[in-house]
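K.L.:
First the structure, then my questions, so here it is.
The values are calculated or read from the model by the stated rules, or taken from the named source; none is laboratory data. Bear in mind that the values here come from a model prediction, so they are computed numbers and not experimental data. Don't worry about glycine lacking a Cβ; one is built from the backbone with ideal geometry, like all the others, and counts go over all protein chains shown.
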Amino acid sequence: MSPIPGVPVDASELLDCLIVGGGPAGLTAAIYLARFHLSVLVADSGESRADQIPLTRNFSGFPDGIAGSELRARMREQGRRYGVRHWPGKIVSLKGGPGLFVAHTMEGMFQARTVLMATGVLNRRPSMPANIHDEALSRGLLRYCPICDGYEVTDSAVAVIGTGEHGTNEAEFLRSYTTDVTLIAPTGNHELDAAQRSRLKNGGIQTADGPCLHFELMQDGIAIATPTGRRLFATVYAALGSDVRSELAVAMDAEVSRDGCLIVDEHQRTSVAGLYAAGDVVRGLDQLSYAIGQGGVAAVAIRNDLACSTPLRR
């Protein structure tokens, strides 16, 4: 099979590690691996959730905050200085095993002794036009992670689009930042049991049945129209869950949790020998710092496991 266009990797080259996913976990692992004098390539489909972060102020070392896209750009540049290669495309299938994994794309294939899955998850979006979604996200009118930026909505009017246990949990979490929280059902009537309704009532959290009929971006917030009326909120949080991008590993019979997250040991090894995972695709706290830490742990494990089979300096 011919080399993939735009990448200095011949189809016959055997990489020490192929990293699938170019988010903070994968990029951290790439930096570590390259500095271990290992050959590494990052396949990045361009769908990292980090790019949806307009400004994170939780990430240590950036007191004024940093955009997720800028953080990724800096990490890519850092990796390139040590020989990390990047390919902007999608891996469509993964086969093989330890010592020889074959990753197929629409243009060709890569071969690697080990593979790190850093594919993350995809947020489920509210039902709004893409242009409104993107502008609302960039302006901080739409948010996905109250752990990341709940501080920024302190004492403001907040809507949470969601229902059931997940929506209730997120509304309660945000209630610790502001007294003005409204849980809006995404489609029709709320799916809340008696215990959930009691928790919301005790927390002073308002509820409104859906669907969300219309979103309008205003100078000082975002207006949401529902069958019961229209209200302006400073910020809207989407509590609709996410889809785990573990399908490549699942096709190799890697063990996953009930919600589809890859199960790993303390060194980020999956149940498939030679296959590792880090970041949001692994069950845990979906935070930049957590993903970066997992990327470092995975890289050290990959280096040490490879050292058991062959000398690392050739």
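K.L.:
Taking His190 as meeting all but one of (1) more than 21 Å from Ile53 (Cα to Cα); (2) surrounded by fewer than 18 Cβ atoms within 10 Å (Cβ to Cβ); (3) not hydroxyl-bearing (Ser, Thr, Tyr), write down the number of the exception.
P.N.:
The number of the failed condition is (2).
K.L.:
The conditions are (1) out of contact with any His (no Cβ under 8 Å at 6 or more places or on another chain); (2) farther than 24 Å from Gln294 by Cβ; (3) at pLDDT 95 or above, and Asp134 fails exactly one of them. Which is it?
P.N.:
Going through (1) out of contact with any His (no Cβ under 8 Å at 6 or more places or on another chain); (2) farther than 24 Å from Gln294 by Cβ; (3) at pLDDT 95 or above one by one, Asp134 breaks only (3).
K.L.:
Still on this structure, please answer the following. Could you tell me which residue of segment 36-54 is surrounded by the fewest Cβ atoms within 10 Å (Cβ to Cβ), considering only residues that are in a loop (DSSP other than H, G, I, E, B) and over 14 Å from the mean Cα position of the chain (by Cα)?
P.N.:
Filtering first and then ranking leaves His37.
K.L.:
Name the residues in segment 22-33 that are under 17 Å from the mean Cα position of the chain (by Cα) and either under 14 Å from Leu275 (Cα atoms) or surrounded by fewer than 24 Cβ atoms within 10 Å (Cβ to Cβ) (or both), would you?
P.N.:
Gly26, Ala29, listed by residue number.
K.L.:
Name every residue in segment 256-313 that is in contact (Cβ under 8 Å) with a residue 60 or more places away in the chain, among the charged types (D, E, K, R) and surrounded by fewer than 22 Cβ atoms within 10 Å (Cβ to Cβ), in order of residue number.
P.N.:
The answer is Asp286, Arg303, Asp305, Arg313.
K.L.:
Pull up segment 56-73, narrow it to residues that are out of contact with any Ser or Thr (no Cβ under 9 Å at 6 or more places or on another chain) and in contact (Cβ under 8 Å) with a residue 60 or more places away in the chain, then point me to the one that is surrounded by the most Cβ atoms within 10 Å (Cβ to Cβ).
P.N.:
Step by step, filter segment 56-73, then rank; the result is Thr56.
K.L.:
Mind checking which pairs have a first residue in segment 215-229 that is closer than 14 Å to Gly140 by Cα and a second that is basic (Lys, Arg), Cβ under 8 Å, 6 or more apart or different chains?
P.N.:
If the second residue must be basic (Lys, Arg), the pairs left are Leu217/Arg139; Ala223/Arg230; Ala223/Arg231.
K.L.:
Pick from Val102, Val115: which is in a strand (DSSP E or B), out of contact with any Phe, Trp or Tyr (no Cβ under 6 Å at 6 or more places or on another chain), modelled with pLDDT of 95 or more and of a type in the set (Val, Ile, Thr)?
P.N.:
Selected residue: Val102, the only one of Val102, Val115 that is in a strand (DSSP E or B), out of contact with any Phe, Trp or Tyr (no Cβ under 6 Å at 6 or more places or on another chain), modelled with pLDDT of 95 or more and of a type in the set (Val, Ile, Thr).
K.L.:
Of all residues in segment 274-310, which are over 28 Å from Cys148 (Cα atoms) and either small (Gly, Ala, Ser) or part of a helix (DSSP H, G or I) (or both)?
P.N.:
Gly274, Ala301, Ile302, Arg303, Asn304, Asp305, Leu306, Ala307, Ser309 - these are the residues of segment 274-310 that are over 28 Å from Cys148 (Cα atoms) and either small (Gly, Ala, Ser) or part of a helix (DSSP H, G or I) (or both).
K.L.:
If I filter segment 111-150 down to residues being among the polar types (S, T, N, Q) and touching a residue at least 60 places away in the same chain (Cβ under 8 Å), which single residue comes out as nearest to Thr235 (Cα to Cα)?
P.N.:
Applying the filter and picking the extreme gives Ser138.
K.L.:
Ok, one more. Which is farther than 16 Å from Phe36 by Cβ, in contact with a Ser or Thr (Cβ under 6 Å, 6 or more places away or on another chain) and in the same structural domain as Val102 (by TED's automatic domain parsing), of Gly295, Gly279, Gly274?
P.N.:
Only one candidate qualifies: Gly274.
K.L.:
Which residues, taken from segment 55-81, are outside any helix (DSSP H, G or I) and in contact with a His (Cβ under 9 Å, 6 or more places away or on another chain)?
P.N.:
Result: no residue meets the conditions.
K.L.:
What residue, among those in segment 8-59 that are of a type in the set (Lys, Arg) and out of contact with any strand residue (DSSP E or B) (no Cβ under 7 Å at 6 or more places or on another chain), is modelled with the highest pLDDT?
P.N.:
This residue is Arg35.
K.L.:
Is at least one residue of segment 209-219 out of contact with any strand residue (DSSP E or B) (no Cβ under 8 Å at 6 or more places or on another chain) and at pLDDT below 95?
P.N.:
yes
K.L.:
Moving to a separate point now. Name the one entry in Leu183, Leu200 that is within 27 Å of the chain's Cα centre (by Cα) and either in contact (Cβ under 8 Å) with a residue 24 or more places away in the chain or buried (at least 20 other Cβ atoms within 10 Å of the Cβ) (or both).
P.N.:
The match here is Leu183.
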